[in-house]
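Asker: Can you read through this structure? Questions will come right after.
The values are calculated or read from the model by the stated rules, or taken from the named source; none is laboratory data. In this text the structure is predicted, and so the values were computed from the model without any measurement. Because the Cβ atoms are built from the backbone with ideal geometry, glycine has one as well, and the counts that use them run over all protein chains shown. These area figures cover heavy atoms from the full protein model, side chains too; ligands, DNA and RNA do not enter into them. Shrake-Rupley method; radii C 1.70, N 1.55, O 1.52, S 1.80 Å.
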Amino acid sequence: MPVSDQSARSTRSVPSDTSVRSGRSVPSPRHPTHSVDRAFLNLERRRPDVRWDAGGVAYLGGPAPALADLRAYVGFRLGELPLLTSRVEGGRRLRWQPDADFAVDRHVHEVVADGPEGWDAALHTALNAPFAPGAYWGVWLVHGHAPDAYAVCYRFRHACQDGSAAAMTFRTMLGEGEPSARPVPGGGRGAGVTRRVGAAVGLATKFVAGSLVVPRHRPGAAFVPSGEQRLWRGRVPVDTLRRIGAPRGGSAHDVHLAALAGALSVWSDRSGVPLPRVTAVLPVDARRTDEDQTWGNRCFALPLELPVRIASRRPDGSQDCEASLRRLDHVMTATRKLRGEAWRQAIQDLVRFMPGRPTDWYMRRVLSPRVTNVMATSMPLADRGSLGETQVTGTALLPLLVPGHLFGVGLSFFGDWAEVSFVADSALPMAELLPELWEQAVGELEESAAPA
């Protein structure tokens with residue numbers, strides 16, 4: 001499964017520049033970096049040996065495009081994504097500005113599978129390939145395992161984008177431009193400013209204090225990291241998650257987290273990896289309604305303890321049918337405030353105004369494996385997607401895998417499906433079981449929540 005920059009194939013699956021729908025050209029002004037951008041840049045500087053990238057994979061049905069055609073297509077779309085042709089410049093006052101040396105060929109690559117049996121190895125190559133020198137992102141065309149299926153893997157340095165910005169990239173490249181359906185606070189600015197400031201300060205105090213008093217995770221020696229990442233996927237109909245959560249006042253994301261807790265409880269028993277406590281990092285989008293989604297980071301990281309110690313079986317070994325619902329109730333209690341307008345507004349204000357040094361300190365603290373040990377993100381992507389004549393058939397998020405964390409888990413909403421993806425070091429014991437255990441935990445929730 002070589003990484004190739006050459007392709008002699010031709011295809012009609014990617015439209016030519018004249019047949020692609022006309023895109024709105026967006027100017028590329030000098031744009032100030034945000035304090036969260038700078039926090040991730042500082043993480044990169046402190047730990048140059050660590051990968052600080054995230055991304056996603058789109059799976060498509062149909063013949064794969066030629067590499068040259070994909071590069072032309074990506075180049076055409078970049079007019080709507082000014083960040084992707086920019087770089088960080090400056091000394092004490094860093095800014096995004098157009099990259100005069102930008103070249104599409106340095107960012108779009110190809111991995112060819114060695115026949116039908118080479119798919120896993122090819123995807124593994126795309127997940128772990130280094131970025132070109134100076135590049136903040138990369139796209140890998142993965143194909144060769146089948147004549148009517150391929151994948152496009154997009155990865156980016158987290159200092160460049162957060163999940164919402166990456167979802168905008170997906171919709172611009174593949175998703176036909178549907179809105180993200182991301183929850184955002186209302187637009188009121190004048191009224192209640194003092195109350196909003198108080199709420200933001202209170203929120204900051206709460207989570208900073210929480211990161212100080214939480215019992216520190218001492219990463220065990222359950223496995224020795226290999227440094228290479230693997231991806232495992234599962235999926236359920238999105239209506240299933242909504243149907244479980246709605247009668248109890250919960251969201252699809254609440255159901256996902258409850259199922260994750262149930263899956264981890266079973267996985268811990270089978271793998272032998274002890275989980276006395278699991279605290280997940282939840283990235284929350286804090287963009288204003290009028291704020292461009294393509295620029296940098298506007299997320300706030302919230303810690304949430306998952307109820308992994310609620311056992312699925314009673315002491316006598318019999319199945320506890322209420323355990324899954326108790327997990328859901330636990331999660332909903334923890335997330336209820338986050339669904340409210342006041343807290344969302346407070347998070348938005350906090351991210352907008354928090355100075356650089358406190359932001360940097362908080363991000364280092366909340367991502368530390370002594371405080372959290374799982375990254376859990378979710379993102380609505382689009383109702384459908386295509387690349388030329390080929391259709392997107394599935395998606396997978398590639399969450400940030402923080403050093404010392406067990407794994408990153410992402411939930412993407414695409415079409416009728418809620419698709420879960422687990423990104424972990426390849427040495428994590430029995431990590432391949434996690435998607436199936438998550439699907440089973442969703443099934444247990446559905447059965448327990450069904451009317452008698």
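Asker: Taking into account only those residues within segment 111-131 that are of a type in the set (G, A, S) and surrounded by 15 or more Cβ atoms within 10 Å (Cβ to Cβ), which is farthest from T294 (Cα to Cα)?
Answerer: Across segment 111-131, the extreme among qualifying residues is G118.
Asker: Tally up the residues in segment 297-311 that are open to solvent by 10 Å² or more (accessible area, probe 1.4 Å), within 18 Å of R95 (Cα to Cα) and not basic (K, R), please.
Answerer: Going through segment 297-311 one residue at a time, the tally reaches 0.
Asker: Among (1) in contact (Cβ under 8 Å) with a residue 40 or more places away in the chain; (2) over 29 Å from R46 (Cβ atoms), where does T333 come up short?
Answerer: (1)
Asker: Among the residues of segment 222-245, write down those that are open to solvent by 70 Å² or more (accessible area, probe 1.4 Å) and within 22 Å of A334 (Cα to Cα).
Answerer: The answer is R242, R243.
Asker: Can we say V57 is surrounded by 21 or more Cβ atoms within 10 Å (Cβ to Cβ) and under 24 Å from the mean Cα position of the chain (by Cα)?
Answerer: yes
Asker: Scan segment 60-87 for residues that are acidic (D, E) and open to solvent by less than 10 Å² (accessible area, probe 1.4 Å) and report the count.
Answerer: Total satisfying the criteria: 0.
Asker: I would also like to ask the following. Could you say which residue among L260, L241, L275 is in a loop (DSSP other than H, G, I, E, B) and among the hydrophobic types (A, V, I, L, M, F, W, C)?
Answerer: L275
Asker: OK, next. Would you be able to say whether some residue in segment 148-162 is farther than 16 Å from H34 by Cα, open to solvent by 20 Å² or more (accessible area, probe 1.4 Å) and part of a loop (DSSP other than H, G, I, E, B)?
Answerer: yes
Asker: When you go through L381, L398, L437, L338 one by one, which is the residue that is in contact with a helix residue (DSSP H, G or I) (Cβ under 9 Å, 6 or more places away or on another chain) and within 17 Å of R51 (Cβ to Cβ)?
Answerer: L398
Asker: Let me ask something else about it. Considering segment 263-296 alone, what residues qualify as being open to solvent by 50 Å² or more (accessible area, probe 1.4 Å) and among the small types (G, A, S)?
Answerer: G272
Asker: Can you tell which of P215, P247, P219, P225 is touching a Gly at 6+ places or on another chain (Cβ under 8 Å) and either over 29 Å from G55 (Cα atoms) or at pLDDT below 95 (or both)?
Answerer: Matching residue, one of P215, P247, P219, P225: P219.
Residues are listed down the side, and each one gets a yes or a no for (1) of a type in the set (A, V, I, L, M, F, W, C); (2) open to solvent by less than 10 Å² (accessible area, probe 1.4 Å):
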| site | (1), (2) |
| --- | --- |
| R365 | no, no |
| R370 | no, no |
| V374 | yes, yes |
| L398 | yes, no |
| L411 | yes, yes |
| G415 | no, no |
| E419 | no, yes |
| E432 | no, no |
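Asker: Which residues, taken from segment 92-110, are closer than 12 Å to T33 by Cβ and open to solvent by 50 Å² or more (accessible area, probe 1.4 Å)?
Answerer: Residues satisfying the conditions are R92, R93, R95.
Okay, residues lined up against (1) without any contact (Cβ under 8 Å) to a residue 24 or more places away in the chain; (2) open to solvent by less than 10 Å² (accessible area, probe 1.4 Å); (3) of a type outside the set (V, I, T); (4) within 28 Å of L84 (Cα to Cα):
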site: A261; (1), (2), (3), (4): no, yes, yes, no
site: K337; (1), (2), (3), (4): yes, no, yes, no
site: A346; (1), (2), (3), (4): no, yes, yes, no
site: T359; (1), (2), (3), (4): no, yes, no, yes
